[in-house]
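Here is the structure we will look at, set down as structure tokens.
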Amino acid sequence: MSAFWGGVAVILSLELRQRVRGIAWYVLLGVFVFLVAIVTVLLKLAFSFYPTGGEGVGDSGGASGGGAIFSAVIYFVLLLGTLVAPALSGTAINGDRDSGTLATTQVTLITTGQLLLGKFLAAWLAALAFLAAALPFLIYAAIQGGIDWATMIVSALVLIFELGIVAAIGVGLSGILNRPLFSIVVSYLVVAALSVGTLIAFGLGGVVVQSQVVGTERTFVNEPTDGSAGSELPVNPDAPMACGPPTVVESTVPRFDHFWGILVANPYVLLADAVPTQFDTNSYPVDLFGVIKMGVRSVQIAPDLHPVNDYCKDFAAGPNAKQIINSTAPGWAVGMALHLLLALGSLFWAYRRTRTPSGKLPTGTRIA
Amino acid sequence: MSDTQSFSGGIVVSGVRRAFGTVYAVRDVSFTAEPGTVTALIGPNGSGKTTLMLMLASLLRPDAGRIRIAGHDPLTATSAVRQAVGWMPDVLGSWASLSVRSTLETTGRLYRMDRMTAAARAAELIALVGLTELADQPTRVLSRGQKQRLSLARALVHDPEVLLLDEPASGLDPVARIELRRLVRRVAAEGKTVLVSSHVLAELDEMADAAVYIEHGVTASTDRVAGAKRSARAWRIRSSDLLGLEHALLSIGVAQAEITRDRAELLVAVGSETAAAELLRRIVASGLPISVFAPAVGDLEHTFLDLSRSAAAVSVTRAPITTMPTTSMPITSTPTDSISIDGDGR
Ligand SMILES: Nc1ncnc2c1ncn2[C@@H]1O[C@H](COP(=O)(O)OP(=O)(O)O)[C@@H](O)[C@H]1O
Ligand SMILES: [Mg+2]
């Protein structure tokens, strides 16, 4: 077993020396740190305009902006990491084949499993370098206060997991597809499909599938003095207010509740959804993750197609954020399982294709 | 040749076949290379040499046939074969941003050497292939010939029992070729098995103990090789008095058609070694100044050319790689040299 990991470690260090280390890499990290710094400063400024406990801002954390900065930086690392990981991992195997170093590695005692695992770990580590570079800002946000440990740890873990998924898909595709350029493009398409495509599919689905709502409404009307039919407006100040007859109101609603499952596969949504939410005294989430979570959870609830709104009585307020979140399904677990399946599937497929002695070769490939 | 004969080492190949889709790269290859010898693998471009080497190196699965490398089957005992085999590919690939030294160290580590052993071995090999001055340069700055030497060193990292060299001399300067030859002979003298492929035959002539001829993926049978070896070949005769030499030859009884003039020399077709000795004795006896009397082409080349000529006569469907008009004799350059560069231009 230790021989196995020894081999993986050799491949890992080889990959890091070959692909990652280099001036361009440090420049990229520098630019990233600069961008995160700007985001942090801007958010800090924005939040300094709100007095403590101000309107719309939770009293437990939002006021100082710690929660907002923390979630923004985490999202920023996710964005950059998923953009950089395919570039690093997307040619891990077919690039080596093109430069004639794959076969000379495979002819040694390294097994295909060690090779793939080493390359995957290298790509993952490279993406995690962005998290490491963002660490000072995350610590700064934590010092600002208002974020609890669960939020910090869970969001970081999910971020690390998602970067691993992208790295694995990149390495897998580089083993599945022959042409380096093509595999990089496909890796980016997968990332885009998950990050943006799911949102578009969700939006389109909801708009295309709409339902008829037939509601009943009773509102206050001015009791007309002349016995004619009542009217809502203009209000006749002399007339007494009375309850009008029930009226039927027809409209359509988009059925997002049929499509919420699509959002489960979105890494940003998934991350927000997985983080345990803190609520302020109004049962409102304190950070960006919580707000997004509330949004994606509330679309799970099917709209009432026959609502009865009697405004003459005290009508019940809708459920608050806390109630919504607690009454709906945590989709993140499904999303993570899905991503894991995708990553393992592509790695396995790549394993089948790069295994030696090779049987059937894809057309146009030479081993060496 | 027979698979009943069992070796504990060396290379034993019988009836190996491999196709890529509809293209048969290797159709029927059988041969044996014994430990302590250097075996030349000779064939024109596209004859399946590289494909065969890939199968021997456990990278490619044969469609049929049997391979034993140091007694192991590449399909079932893959890691034992890999431990035993050193393979130098015909494509030049190297980790561009690693130095020569760390390339060799990393290769050693890939063969499960510990750090110290790998470093020591790398230093040893760098000196052996003469890359000392470039040891700490990234491999991307190496010239073709230097990369070739690095590739050779990489194949030797784990001191393999069986060495597979695919066109090792291409890109090497004459001095490096001589060093390569010396190195290969030394490895064989240590009891290792060496298989060297090339289409530049002159250099193999001096290196190889045995030869395997392969054409269109088929190894030539022993009888055909023996027959080809016996066939008439050209001898090169140099004399300051060329005209006198020609007269002497004609008077000895050599037909005019068998004499070709090549710059300051005459090429004469001679049937056998004994006939050549007799010819030399008689020209010298005639008192002419003779400075060179030698076969115009090396042994391997002669056999190879004769084989491809007879193969061309047998198979009409495939265009022959080299067609030699039977009347005229090969000129100084080796015809195989002038064929297109290797088909796999990557
Ligand atoms: N991966 C491959 N796919 C398709 N054809 C191949 C492949 N590898 C080799 N060939 C073909 O097989 C034949 C033998 O090639 P090769 O073994 O490289 O010859 P050599 O090394 O003797 O020049 C050639 O016709 C070549 O085009
Ligand atoms: Mg070749």
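Table for the structure above
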read-out	value
Heavy atoms of B:Ser239 accessible to a 1.4 Å probe, total area in Å² rounded to 10	10
Accessible-area order (highest first, 1.4 angstrom probe) of the listed residues B:Lys49, B:Lys147, A:Lys322, A:Lys360	A:Lys360, A:Lys322, B:Lys147, B:Lys49
Accessible surface of B:Arg154 - all protein chains present, 1.4 Å probe, nearest 10 Å²	20
Estimated vicinal HN-Hα couplings, Hz - region A:130-139 in sequence order (Karplus 6.51, -1.76, 1.60; Gly, Pro = x)	5, 5, 4, 5, 8, 3, x, 6, 5, 5
Residue-averaged beta-carbon neighbours from other chains (10 angstrom radius) around B:101-112	5
DSSP bridge orientation in chain A - percent antiparallel, rounded to nearest 5	80
Accessible-area ranking of A:Phe202, A:Phe256, largest first, probe 1.4 Å	A:Phe256, A:Phe202
Whole-Hz ³J(HN,Hα) from phi, Karplus 6.51 cos²θ - 1.76 cosθ + 1.60, for region A:183-197, glycine and proline x	5, 5, 4, 5, 4, 5, 5, 5, 4, 5, 4, 6, 7, 10, x
Inter-chain Cβ neighbour average for residues B:83-91, partner chain, 10 Å	3
Stretch gain in nm, segment A:Ala150-A:Val185, where the contour uses 0.36 nm per residue and the Cα spacing is subtracted	9.0 nm
Probe 1.4 Å, protein heavy atoms only - accessible area per residue of region B:16-131 in square angstrom	34
Amide H contacts under 5 Å for A:Thr216, placed H, 5+ residues apart	A:Val249, A:Val308, A:Asn309
Restraint check, A:Lys293/A:Lys313; A:Lys119/A:Lys360; A:Lys44/A:Lys293, Cα-Cα greater than 29 Å	A:Lys293/A:Lys313
Amide H contacts under 5 Å for B:Phe20, placed H, 5+ residues apart	B:Ala25
HN-Hα J in Hz across region B:60-70 - Karplus 6.51, -1.76, 1.60, θ = phi - 60°, x for Gly and Pro	10, 8, x, 6, 7, x, 9, 10, 10, 10, 6
Label-point separation, A:Trp5 to B:Asp241 (7 Å along Cα→Cβ), nm	8.6
Antiparallel bridges, percent of DSSP beta bridges restricted to the protein assembly as shown (to nearest 5)	65
About the Cα centre, charge dipole magnitude for the protein assembly as shown (Lys/Arg +1, Asp/Glu -1 at Cβ), debye	2380
Taking all pairs of distinct alpha-carbon atoms in region A:133-220, Kirkwood radius in angstrom	17.5
Global geometry of the protein assembly as shown, whether rounded, prolate or oblate, following the gyration tensor of its Cα atoms and the 1.5 cut on a/c	prolate
Label-to-label distance, nm, for residues given as A:Glu250 and A:Lys313 (7 Å Cα→Cβ offset)	2.7
Tensor-based shape of region B:232-298 (alpha-carbon gyration tensor, a/c under 1.5 rounded, otherwise prolate or oblate)	rounded
Probe 1.4 Å, all protein chains present, accessible-area order of B:Ile178, B:Ile259, largest first	B:Ile178, B:Ile259
Computed E for A:Ile160/B:Glu133 - FRET, C-beta separation, R0 45 angstrom, nearest 0.05	0.50
Other-chain or far-sequence residues with amide H under 5 Å of B:Asp28's (modelled H)	B:Val218, B:Thr219
Accessible area that becomes buried as A packs against B, both chains, 1.4 Å probe, Å², nearest 100	2900
Peptide-level mean, for A:301-311, of C-beta atoms on other protein chains within 10 Å	0
Most mobile of A:Phe34, A:Phe220, A:Phe259 in a GNM of chain A (Cα contacts under 10 Å)	A:Phe220
Förster radius 45 Å - calculated FRET efficiency between A:Leu35 and B:Phe20 (Cβ-Cβ, nearest 0.05)	0.40
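The values are calculated or read from the model by the stated rules, or taken from the named source; none is laboratory data. Computed from a prediction, not measured in an experiment: that's the story for all the values here. Methodologically, a virtual Cβ is constructed for each residue, glycine included, from the backbone with ideal geometry; neighbour enumeration extends over all protein chains shown. Accessible surface areas use protein heavy atoms only, side chains included; no ligands, DNA or RNA. Shrake-Rupley method; radii C 1.70, N 1.55, O 1.52, S 1.80 Å.
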